[in-house]
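Asks: Take a look at this one; I'll ask things after.
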Amino acid sequence: MIKDKKIFPENDIKSILKLYGFDTIFSEQREYINHYEEYGWNVKVVLSVLLENGKRVVIKIVNIKGDNLLEEREKTEKQSAFSEFMRKNGIITPKCYMSNGRYCNEYIYNDLPCNVTVEDWCGEEIMAINTDISYKIGELMARMHVLSLDNKCEIGCGTLFSAAYCNDVDAYQEFCEIGQNENLDQTIVEQIKNLHDEKLEAIRAVWDRLPKAAVQGDISINNLVYGEDELTVFDYNNAGDEVLISDLVMEGLLTAYEMDLPEGADQRCREQFFPAMLNGYLSVRKLSEEEANTAWIVYTLYHSLWFSKVVYNDDSLEKLVKKEDYISANRLLSQMLRDMTESDDGRFRKSRK
């Protein structure tokens, strides 16, 4: 086990820099992630070092417990190749470096085989969301989607955000469990459950014929740098193949509801972020009629049952029921039903800027 989790061993840094052909002299290291057994990982380290020539590079060392190391290495190799394709075709993203003809290599760290990569440092991540940044995220995502689709880019794995199947923002099972509380309006609960099933069935019926390609998969502000009026995107560790409208809607909602606001901002401003992102996207890539129709179904389903509305937030259904504030809980249920039954307003068909 690693004894000192605060400072990554200098000899390991020098060995990795040498492996990737860099001068091993550096003056500074910054750690961003340094997780071990207490989080269920054997090793997950992300750090940057400042080289003697003034360049800062990011080193990632990973061996996640339970994963097949070789399979993860091949996935990371494809994700890195996708990142490089984006960079070479005009998307501002950090350069990935190669060793032995590969982006991702094996490195023995504390007697444990790990996967290692090295890429350029691109600056500090965005700390808060606003409408201007939301619009630019939409533009950037659309440019990446067009490049990927036109060039038939594939990675060979899924993403975190499949609207039709498994995704990291699905709280429907939790909703069903909470909805069993007899103090909640059971008529509304059942209406929402029936609509959920109907919408999911409609989405899945067309899913396999919608445009799909490799995507970055996590284009939140935590993976963006804002400089000189353009966004830089980094961190492709969640990149995979996805239906494009799924990436658009699910990550758009994630941007709107889960990113930090500027200090003192009113929470109600969040309602502006998804439309701004969508307008940015549609200014670059138009959706087909079938894409637009399906995107609206996806939007109404997940906007209504967004996971932090169901659980986690202080005013979520879960928290309101725990506080026995059933008046507010039923008011929230009514709003969820209105969101789920909202009429298509054409927003996925035309940019409104």
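The values are calculated or read from the model by the stated rules, or taken from the named source; none is laboratory data. This one's a predicted model, so the numbers in the text were calculated from it and none came from an experiment. Glycine gets a Cβ as well: all are built from the backbone with ideal geometry, and neighbour counts include every protein chain shown. Calculation scope for accessible area: heavy atoms of the full protein, side chains included, ligands and nucleic acids excluded. Shrake-Rupley method; radii C 1.70, N 1.55, O 1.52, S 1.80 Å.
Asks: Can you pull out every residue in the range 92-110 that is touching a residue at least 60 places away in the same chain (Cβ under 8 Å), within 27 Å of the chain's Cα centre (by Cα) and outside any strand (DSSP E or B)?
Replies: If the condition is that a residue be touching a residue at least 60 places away in the same chain (Cβ under 8 Å), within 27 Å of the chain's Cα centre (by Cα) and outside any strand (DSSP E or B), then 92, 93, 94, 97, 98 are the ones that fit.
Asks: Please name all residue pairs, on different chains or six or more residues apart, with Cβ atoms under 6 Å, provided the first residue is in the range 45-72 and is more than 21 Å from residue 157 (Cβ to Cβ) and the second residue is at pLDDT below 95 and part of a loop (DSSP other than H, G, I, E, B).
Replies: 47/8; 52/23; 52/25
Asks: Among residues belonging to the range 175-218 that are over 26 Å from the mean Cα position of the chain (by Cα) and under 27 Å from residue 289 (Cβ atoms), point out the one that is most open to solvent (accessible area, probe 1.4 Å).
Replies: Of the residues in the range 175-218, the ones over 26 Å from the mean Cα position of the chain (by Cα) are 177-195, 198.
Now drop any that are not under 27 Å from residue 289 (Cβ atoms), which leaves 194-195, 198.
On the way: 194: 85, 195: 38, 198: 111 Å².
It comes out as 198.
Asks: Restricting the search to the range 240-263, which residues are among the aliphatic types (A, V, I, L, M) and buried (at least 19 other Cβ atoms within 10 Å of the Cβ)? Talk me through it step by step, then tell me what you get.
Replies: Filtering the range 240-263 for residues among the aliphatic types (A, V, I, L, M) gives 243-245, 248-250, 253-254, 256, 259, 261.
Correct list: 243, 244, 245, 248, 249, 250, 253, 254, 256, 259.
Asks: Which fully enclosed strands (runs of 3 or more DSSP E) of the range 25-89 have 3 or more residues being open to solvent by less than 20 Å² (accessible area, probe 1.4 Å) and modelled with pLDDT of 90 or more? Write out each step before concluding.
Replies: Working: elements: 26-35, 43-51, 56-63.
Of the strands (runs of 3 or more DSSP E) lying wholly inside the range 25-89, those with at least 3 residues that are open to solvent by less than 20 Å² (accessible area, probe 1.4 Å) and modelled with pLDDT of 90 or more span 43-51, 56-63.
Asks: A further question on this structure: Considering (1) more than 27 Å from residue 60 (Cα to Cα); (2) surrounded by fewer than 14 Cβ atoms within 10 Å (Cβ to Cβ); (3) modelled with pLDDT of 95 or more, say which one residue 131 fails and leave the rest.
Replies: (2)
Asks: Which ones in the range 223-239 are part of a strand (DSSP E or B) and surrounded by fewer than 17 Cβ atoms within 10 Å (Cβ to Cβ)? Walk me through how you get there before you give the answer.
Replies: The initial filter retains those residues of the range 223-239 that are part of a strand (DSSP E or B), namely 224-227, 230-233.
Within the range 223-239, 227, 230 meet the criteria.
Asks: What are the residues in the range 264-295 that are buried (at least 21 other Cβ atoms within 10 Å of the Cβ) and either closer than 17 Å to residue 341 by Cα or among the basic types (Lys, Arg) (or both), if any?
Replies: Correct list: 294, 295.
Asks: Would you mind stating whether residue 115 is surrounded by 13 or more Cβ atoms within 10 Å (Cβ to Cβ) and at pLDDT below 90?
Replies: When the stated conditions are applied, residue 115 does not pass them.
Asks: Which residue pairs have Cβ atoms under 6 Å apart, sit 6 or more places apart or on different chains, and have a first residue in the range 117-133 that is closer than 26 Å to residue 279 by Cα and in contact (Cβ under 8 Å) with a residue 40 or more places away in the chain and a second that is open to solvent by 60 Å² or more (accessible area, probe 1.4 Å) and part of a loop (DSSP other than H, G, I, E, B)?
Replies: Going by the 6 Å Cβ cut-off, the qualifying pairs are 128/260.
Asks: So which pairs qualify, if the first residue must be in the range 330-346 and under 13 Å from residue 317 (Cα atoms) and touching a residue at least 12 places away in the same chain (Cβ under 8 Å), the second must be open to solvent by 40 Å² or more (accessible area, probe 1.4 Å) and not in a helix (DSSP H, G or I), the Cβ gap must be under 9 Å, and the two must be at least 6 apart or on different chains?
Replies: 330/183; 330/185; 332/315; 333/185; 334/185
Asks: Evaluate the following for residue 244: is it of a type in the set (A, V, I, L, M) and touching a Pro at 6+ places or on another chain (Cβ under 7 Å)?
Replies: On the way: of a type in the set (A, V, I, L, M): yes; touching a Pro at 6+ places or on another chain (Cβ under 7 Å): yes.
It is true that residue 244 is of a type in the set (A, V, I, L, M) and touching a Pro at 6+ places or on another chain (Cβ under 7 Å).
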